[in-house]
Amino acid sequence: MNDSSQAETDSSASTAEAGPFQPVRGSIALFRRWWRVVVCSGVDQQAVIESVKEDSDFKPRYAFMTCMSAGIAILGLLLSSPAVVIGAMLLSPLMGPIMGAGFALAIGDYSWLRDSAKALILGTIVAVLFAAMVVAFSPLQTVTSEIASRTRPNLFDLAVALFSALAGGYAMIRGRMGTIVGVAIATALMPPLAVVGFGLATLNMSVFGGALLLFFTNLMTIALTAAGMARLYGFRSNLSERQSQMQIIAMVVVFIGLAIPLGYSLQQIAWEANLSRQANGYIKDQFGSRARVSQIDIDFDADPILVSASVFTPRIVGDAEQQSARVLSRTFSRPISVAIEQYKVETGSDAASAELAAARAQQQAQEAEIRVVKLRENLALVAGVSADQVTIDTAKRRAIVSAKPLKGATLETYYALEKRIADQAKEWSIQIRPPAAELPSLVVEDGSVADKSAMQLPLISWAAARVALPVGAYGSPEDVAIARKALFDAHAVTISDAGAGAGGAAGAVRLRWLSPQETDPQGD
């Protein structure tokens, strides 16, 4: 009797302990049974595996479609055309080997995993190199908005890839392959690779690294999610229980490893957006409700952070920059510098006047940019160099280029070329630095420089100012002294008379360039 009572007591205690969780456990067991019997039993695993395997190998068609997709993608990115970029997403065949790698990982088929990885690596290399080749031959090599948007991956990109991979895995397992097109669009596998090619061709490591991280995020997310979907649908696996557990742990670790830097990137983007929004508000507050902030640009790489704005206002505010910088620095606990360009507009019709002034300022800025490009091209052409060797300082409106020696060209040739370009760009200071070509000689008659030689003084003065070398004079001491005084008095050019007494025709002063180390010049 006592034993029976004790057993009943233990049973009651056990039931009481399990009681709160028993309905939950029962529901989970019922759901798992329904999933296994109703959902998983309707999947033809062999057919799904054969279908995925078919798209996982590296074939000529795969290579061709990869090249075409990469070519379309990079052209769309360079043209900043979303429609063209979407076309490249539709053609991208990279989804096949990525999904194949995920399924192979889930079922433990390492031979299939190697084939998928091989196809994926080769396809990636082909896409990057083809895109880089297109960029190398393209006259357009600027970072467009479409390119820039794929250089800063964040946590949202991981979420997009995750949801798309879930849809893609479901589409393959349930035999509804038509939806895979939408998955290719959402995950955007090819455009990031095209941007990697752009970064490689232009040697822009910031673009290269950001786009590569985005592609790696999409690749790992799709592959691991596909593996998870295969395991969820009960695909037969060659892995042991311990191997399966280790695989699940590794997948979780990879997801967390990706999420941490992407989360930080998202936080940084949100911080920058908040700064931009508040900077716009604070700057406008300095001018009142009738002013309008037309444009605001923020250089986050500058130290301190630089906020540049254009404001159309009925009144000019003198300390607006200092006030805005003080408020923004205090709000964000970071040193922030503010530069505001103020345009005064009439108060009668503020909105219309501001819009008109904004349009006029924008047009003037575009025209000024075109003039700068044209000036750079003209200077490069006459100097015989590439356009990137021309130094342009738009703030000081100064353009400088060092010319290459041109066959038959004299100092007078370069002097005339500089004068012609300076006449075309009167508001600019133009400097063409010529090679150290032969200097003209001076003739001294009756105690002064002859009239014909006097016409060469501006040329000699110009050359001495452009060529960073001292000038030596050769002739009689009296003639050298006269030539030196004429050049110094008229054009502030100092010449050395160390060659005085050297050979030469009477009354003639020969000039030549000296090396910086030459202190005792000798005649030729």
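Per-structure values
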| quantity | calculated |
| --- | --- |
| Per residue accessible area in Å² of the stretch 125-272, where ligands, DNA and RNA are left out and the probe is 1.4 Å | 48 Å² |
| Under 14 Å, Cβ to Cβ, from T413 - net charge with Lys/Arg +1 and Asp/Glu -1 | +3 |
| Modelled label reach - K344, point 7 Å along Cα→Cβ, the stretch 289-322 residues with backbone N closer than 14 Å | 312-318 |
| Volume of the Cα convex hull of the stretch 73-140, divided per residue and given in Å³ | 68 Å³ |
| Rough spin-label spacing in nm, given labels placed 7 Å along Cα→Cβ, for S289 and K407 | 7.4 nm |
| Burial ranking of peptide ranges 257-267, 91-101, 105-115 (average Cβ count within 10 Å, highest at the top) | 91-101, 105-115, 257-267 |
| Cα gyration tensor shape of the stretch 368-422, rounded if a/c is under 1.5, else prolate or oblate by comparing a/b with b/c | prolate |
| Relative contact order (%) - criterion: Cα under 8 Å, at least six apart; region: the stretch 195-309 | 11 percent |
| Descending semi-axes in whole angstrom, ellipsoid equivalent of the stretch 409-497, from the Cα gyration tensor | 26, 13, 11 |
| FRET efficiency estimate (nearest 0.05) - Cβ-Cβ, T142 to I249, R0 35 angstrom | 0.20 |
| Distance in nm between pseudo-label sites at D451 and V373 (7 Å out along the Cβ direction from Cα) | 5.0 nm |
| Full-stretch length increase - K485, T394 - with 0.36 nm per residue and alpha-carbon distance subtracted | 29.1 nm |
| Cα Rg over Rh - the stretch 381-459, Kirkwood | 1.07 |
| Pairwise label distance in nanometres, E427 with V317, each label 7 Å out on the Cα-Cβ vector | 2.8 nm |
| Most to least packed among 393-405, 456-468, 153-165 [average Cβ atoms within 10 Å] | 153-165, 456-468, 393-405 |
| Under-5 Å amide H pairs with V444, H placed in peptide plane, nonlocal only | A450, A508, V509 |
| Förster radius 25 Å - calculated FRET efficiency between Q366 and A273, Cβ distance, rounded to 0.05 | 0.40 |
| Net +/- balance of residues flanking L219 in space, Cβ distance below 15 Å, scoring K and R +1, D and E -1 | +1 |
| Long-range amide H partners of S294 with built H, under 5 Å | S310, V311, F312 |
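The values are calculated or read from the model by the stated rules, or taken from the named source; none is laboratory data. The shown structure was predicted, so the numbers you read here are calculated from the model rather than taken from an experiment. Methodologically, a virtual Cβ is constructed for each residue, glycine included, from the backbone with ideal geometry; neighbour enumeration extends over all protein chains shown. Each accessible area value is taken on the protein alone, full model and side chains, heavy atoms only, with ligands, DNA and RNA left out. Shrake-Rupley method; radii C 1.70, N 1.55, O 1.52, S 1.80 Å.
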